[in-house]
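Read the structure below first, then the notes.
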């Protein structure tokens with residue numbers, strides 16, 4: 001199973017949507033414990049009358065999706081598949097809040113309607129009048145991964161030639177406050193670009209939307225190829241991770257030496273980052289390793305941001321210094337391995353290859 | 001790609017029974033599960049009927065064989081109960097003996113506990129017990145089920161509103177076809193919550209008299225809760241283990257209506273497409289479908305749209321058709337899999353279910369649903385429809401093997 005990436009639409013805390021060039025000037029956020037998306041001018045993509053009724057994540061989702069399709073030169077995909085850990089959490093909170101405030105009476109149904117996890121995939125289908133396959137995955141750090149896996153299956157089955165696949169999660173004041181109480185984030189504020197320098201527990205909260213136009217065959221628009229995706233649920237030990245990763249590399253790339261660049265989901269939490277250091281030292285000490293959560297923050301579908309970076313790196317054959325967590329000799333980048341885990345529960349690995 | 005997909009075990013819990021045996025008795029007795037609210041603490045207790053599972057957390061925890069430690073949402077408990085039944089019937093003693101996955105579906109996840117949290121959190125954001133919010137996301141209920149049954153090889157959750165668990169069955173089937181998994185536990189679970197009750201109430205689509213699908217006087221849906229799971233296995237796994245097969249999944253189709261976020265197109269375009277795709281994958285002719293378990297929510301809009309799509313696909317020879325939602329209520333994310341379990345029972349026992357509370361044919365449709373329980377009818381191929389908000393439509397076909 002494989003998929004060619006034909007187009008990209010990414011909204012993130014970086015200038016990924018409108019900026020010039022790939023990570024030319026990384027956004028630096030000082031004294032923060034979360035970073036949020038730089039939102040585009042929605043009017044360029046969505047009718048303002050329609051946009052007015054959409055929540056923030058729906059607007060971001062639709063915008064990124066449309067940009068992605070435009071980029072790929074695809075009018076109407078054969079499938080729309082999304083992955084989101086928490087879905088339209090803003091509307092969920094809004095409806096829950098009004099439910100208690102009004103003691104269950106005279107409620108406005110709009111936030112309820114928009115709270116459904118499939119709202120974004122549905123809004124895109126509605127906008128495109130796309131009657132084809134439509135699905136939404138909602139499983140923590142497996143949300144985007146499942147969406148990708150489904151996409152690759154559809155391409156293999158031959159039931160779709162072009163698929164729009166995306167991962168998205170939004171951060172709201174409430175979702176931050178609650179996860180902060182749960183100890184997900186660093187107690188003191190940080191500078192995002194120095195995320196790995198802080199040794200106290202917790203990470204930096206983030207959010208983002210990343211859409212990919214995937215195709216079963218290669219053409220002159222192809223940016224990179226997704227060669228393999230695999231997930232690992234609740235590994236019991238570092239050895240289990242090593243064994244699975246080793247099998248994954250063997251099946252998809254050959255040997256660890258065939259990997260030209262590694263992207264690790266380090267998020268600044270010393271406990272959660274342990275496994276990444278283990279992977280680095282066990283497999284990839286001679287290989288250029290990078291990290292990315294200082295640019296997008298930690299969220300359920302953060303691996304979709306890594307996939308965007310991997311694609312751009314392969315396309316431009318350039319590793320921005322801001323991503324590097326070691327310094328190895330530059331070589332031609334053919335195979336990029338992404339390893340990401342969400343709260344040590346949902347582990348995922350991707351192999352992205354130049355085409 | 002040639003692997004056939006067999007159902008080897010099913011599990012169900014809903015307002016009409018805690019397992020298949022109880023469910024079968026209720027079905028044969030035409031005993032619906034809709035009634036007065038006694039479990040959910042809501043303003044609408046005496047006003048809006050629902051189809052509740054009449055068991056609290058202690059009883060559900062015992063049935064699910066998990067500790068009553070306050071860490072399981074009602075959605076998780078319902079899911080574990082049905083999932084365990086499916087695994088037991090499939091006679092799988094060692095889950096790791098084959099590559100096994102779990103694809104569950106839900107729309108509200110742990111909302112029953114989130115509501116408890118929010119009630120306090122709303123007043124002061126340092127309040128609300130954190131243990132009540134950690135079960136909020138949809139993945140939580142799936143992981144509870146995976147951990148209870150020790151399923152590790154693939155774990156995922158789908159949420160496409162009311163077609164969620166039909167999509168879980170569809171994706172699980174495709175994972176077997178693609179050779180990724182040998183067997184998959186597929187299904188869905190949803191508990192009744194204030195969130196959903198108030199949500200649908202604010203849309204003014206809850207029938208105060210209980211749902212009456214496909215009736216001219218129908219006036220909305222009735223919410224239910226529960227869970228349905230199916231153990232599906234590849235042909236080679238079934239052969240290797242000399243398994244008893246309940247039925248085969250022969251067709252599946254997913255299409256998007258792309259008409260409106262909450263309303264279906266009047267001509268049922270998405271519904272037509274999902275049914276057509278399911279027929280195409282199965283290779284069956286429309287006339288070979290012996291029974292349609294309709295989505296049939298009882299809303300003005302759905303039943304007209306679905307009915308029109310059925311007329312368009314099946315022409316003048318519409319197979320016996322009924323909605324079983326007057327039995328179970330509309331169980332949202334669990335509806336597709338609960339109805340899939342009912343379809344398996346229909347195939348096994350040669351049953352066709354009545355569409356309870358039907359009186360008068362819809363003026364806009366040429367057909368009426370089945371109104372009496374039917375025994376000993378040749379039932380070889382059954383179609384099950386599940387349509388959701390956002391126009392997410394999925395149809396499945398189950399066949400006697």
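Looking only at residues that are in a loop (DSSP other than H, G, I, E, B) and in contact with a helix residue (DSSP H, G or I) (Cβ under 7 Å, 6 or more places away or on another chain) in segment B:243-259, which one is surrounded by the most Cβ atoms within 10 Å (Cβ to Cβ)? If you could, list the steps in order and put the result at the bottom.
Of all residues in segment B:243-259, those in a loop (DSSP other than H, G, I, E, B) come to B:243-246, B:257-259.
Adding the requirement that they be in contact with a helix residue (DSSP H, G or I) (Cβ under 7 Å, 6 or more places away or on another chain) leaves B:245-246, B:257-259.
Working: B:245: 16, B:246: 23, B:257: 28, B:258: 23, B:259: 20.
It comes out as B:257.
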Considering every residue within segment B:320-338, establish whether at least one is surrounded by fewer than 24 Cβ atoms within 10 Å (Cβ to Cβ) and not assigned by TED's automatic domain parsing to the domain that holds residue B:51.
yes
Would you confirm whether any residue within segment B:125-138 is within 18 Å of residue B:335 (Cα to Cα), at pLDDT 95 or above and crowded, with 18+ Cβ neighbours inside 10 Å?
yes
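Quick one: is residue A:229 in the same structural domain as residue A:259 (by TED's automatic domain parsing), crowded, with 22+ Cβ neighbours inside 10 Å and touching a strand residue (DSSP E or B) at 6+ places or on another chain (Cβ under 8 Å)? Can you show your working first?
Working: in the same structural domain as residue A:259 (by TED's automatic domain parsing): yes; crowded, with 22+ Cβ neighbours inside 10 Å: yes; touching a strand residue (DSSP E or B) at 6+ places or on another chain (Cβ under 8 Å): yes.
For residue A:229, the condition - in the same structural domain as residue A:259 (by TED's automatic domain parsing), crowded, with 22+ Cβ neighbours inside 10 Å and touching a strand residue (DSSP E or B) at 6+ places or on another chain (Cβ under 8 Å) - is met.
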For the subset of segment A:39-74 comprising residues that are within 14 Å of chain B (Cβ to nearest Cβ) and assigned to a loop (DSSP other than H, G, I, E, B), which member is nearest to the chain's Cα centre (by Cα)?
A:55
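Among the residues of segment A:232-272, what is the count of those that are part of a helix (DSSP H, G or I) and crowded, with 18+ Cβ neighbours inside 10 Å? Show your work before the answer.
Filtering segment A:232-272 down to residues part of a helix (DSSP H, G or I) leaves A:238-252, A:256-258, A:270-272.
From what's left, crowded, with 18+ Cβ neighbours inside 10 Å: A:241, A:245, A:248-249, A:252, A:256, A:272.
So the count comes out to 7.
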Conditions (1) outside any strand (DSSP E or B); (2) away from chain A (no Cβ under 12 Å); (3) modelled with pLDDT of 95 or more; number of the one not met by residue B:277
(2)
Failed condition for residue A:108, given (1) farther than 24 Å from residue A:221 by Cα; (2) modelled with pLDDT of 95 or more; (3) in contact with a helix residue (DSSP H, G or I) (Cβ under 6 Å, 6 or more places away or on another chain):
(3)
When only residues in segment A:91-121 that are assigned to a helix (DSSP H, G or I) and touching a strand residue (DSSP E or B) at 6+ places or on another chain (Cβ under 6 Å) count, which is nearest to the other protein chains (Cβ to nearest Cβ)?
A:121
Quick check on segment B:78-98. Is at least one of its residues buried (at least 24 other Cβ atoms within 10 Å of the Cβ), more than 30 Å from residue B:375 (Cβ to Cβ) and in contact with a strand residue (DSSP E or B) (Cβ under 6 Å, 6 or more places away or on another chain)?
yes
Residues to consider are B:172, B:187; find the one that is assigned to a helix (DSSP H, G or I), within 19 Å of the chain's Cα centre (by Cα) and in contact (Cβ under 8 Å) with a residue 40 or more places away in the chain.
B:172
Identify the residue in segment A:164-177 that is in contact with a strand residue (DSSP E or B) (Cβ under 8 Å, 6 or more places away or on another chain) and within 13 Å of chain B (Cβ to nearest Cβ) and, among all such residues, is nearest to residue A:296 (Cα to Cα).
A:169
Residue that is in the same structural domain as residue A:160 (by TED's automatic domain parsing) and at pLDDT 95 or above, where the choices are A:248, A:305, A:291, A:211:
A:211
Give the residue that is surrounded by the fewest Cβ atoms within 10 Å (Cβ to Cβ), with candidates limited to residues of segment B:31-76 that are assigned to a helix (DSSP H, G or I) and in contact (Cβ under 8 Å) with a residue 60 or more places away in the chain.
B:64
Out of the residues in segment B:198-242 that are within 14 Å of chain A (Cβ to nearest Cβ) and part of a loop (DSSP other than H, G, I, E, B), state the one that is surrounded by the most Cβ atoms within 10 Å (Cβ to Cβ).
B:220
Within segment B:103-120, track down each residue that is facing chain A (nearest Cβ under 10 Å), surrounded by 24 or more Cβ atoms within 10 Å (Cβ to Cβ), touching a helix residue (DSSP H, G or I) at 6+ places or on another chain (Cβ under 6 Å) and part of a helix (DSSP H, G or I).
B:111, B:118
Which of the residues belonging to segment B:146-191 are away from chain A (no Cβ under 11 Å) and out of contact with any strand residue (DSSP E or B) (no Cβ under 6 Å at 6 or more places or on another chain)?
B:148, B:149, B:190, B:191
Does residue B:317 count as in the same structural domain as residue B:377 (by TED's automatic domain parsing), surrounded by 24 or more Cβ atoms within 10 Å (Cβ to Cβ) and in contact with a helix residue (DSSP H, G or I) (Cβ under 8 Å, 6 or more places away or on another chain)?
no
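The values are calculated or read from the model by the stated rules, or taken from the named source; none is laboratory data. This is a predicted model, so every value here is computed, not measured. So basically every Cβ, Gly included, is an ideal-geometry build from the backbone, and we count neighbours across all protein chains shown.
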